Amino acid sequence: MKKIELEIVALSHSITQTHSYAVVLGEVNGLRRLPIVIGGFEAQAIAVALEKMHPSRPLTHDLMKNFLNAFAIDLHEIIICDLQEGIFYSKLVCSSENDTIEIDSRTSDALALAVRFGCPIYTYENILESAGILMEDTGSSGKKKKAKQEVVVEEQSSPTGNEDLKTMTLEELNTLLNDVLESEDYIRAIAIRDEINSRKKGR
């Protein structure tokens, strides 16, 4: 199965939904985005590495990196390999002098390590197809590229529940999706994307 390379384009925080964060992965040389909801601790771990901050004592993922380096184990890549019931599954592809192995990992932990090692992030077409969001190819796409590895904090002005989405038409949902993507409200975009996908499956 062909791997598709991704990069972290934003880390989004919803102020109105406590502890709701989304790390947004963008298709390299493509227009699709893959938003993944993560916890506050994991978001902090990714943000610290993205911003190249150096805590006085090693955080959990720094400790893991130091441990791997101490035993001459290299992290080559991470692969977001599966999606089941809204949960992403990932694996770390590691190698030592004698062996290459794949280690099961939570996606948020895998991303926190990928940032620290500077290794590539991959997924498969079927995952991008079912969970990805297509960005419009406008002049703003260049601006979005520059936003790579930028920590974005966005306040949600629209309702956070899904109940209002059920009453909207598919056309209204697509318009709303474009609006929330423009304001980089990825938490809201995930809910809208899921509603659109469920409608399409129900046809």
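Each value in this text was obtained by applying a stated rule to the coordinates, not by laboratory testing. Quantities reported herein were computed from a predicted structural model and do not represent experimental measurements. Glycine also receives a Cβ, built like all others from the backbone with ideal geometry; neighbour counts cover every protein chain displayed.
Details
- Against the empirical 2.2 N^0.38 Å (N residues), region 37-84 has a Cα radius of gyration ratio of 1.35.
- Cβ-Cβ FRET estimate between residue 182 and residue 44, R0 fixed at 22 Å, reported to 0.05: 0.25
- Tensor-based shape of region 1-113 (alpha-carbon gyration tensor, a/c under 1.5 rounded, otherwise prolate or oblate): oblate
- The local environment of residue 60, defined by Cβ-Cβ distances under 15 Å, has a net charge of +1 under the rule Lys, Arg +1 and Asp, Glu -1.
- Whole-Hz Karplus values for region 188-196 come out as 5, 4, 4, 5, 5, 4, 4, 5, 4 Hz, taken residue by residue from phi with 6.51 cos²θ - 1.76 cosθ + 1.60 and θ = phi - 60°; glycine and proline positions read x.
- The calculated FRET efficiency for the pair residue 136 and residue 74, based on their C-beta separation and a Förster distance of 41 Å, comes to about 0.60.
- Against the rule of thumb 2.2 N^0.38 Å, how large the Cα Rg of region 54-108 comes out: 1.31
- Computing FRET efficiency as 1/(1 + (r/R0)^6) for residue 95 and residue 29, where r is the C-beta to C-beta distance and R0 is 22 Å, gives about 0.25.
- When each of the peptides 63-71, 43-51, 84-92, 120-128 is scored by the mean number of other C-beta atoms lying within 10 Å of its residues, the order from highest to lowest reads 43-51, 120-128, 84-92, 63-71.
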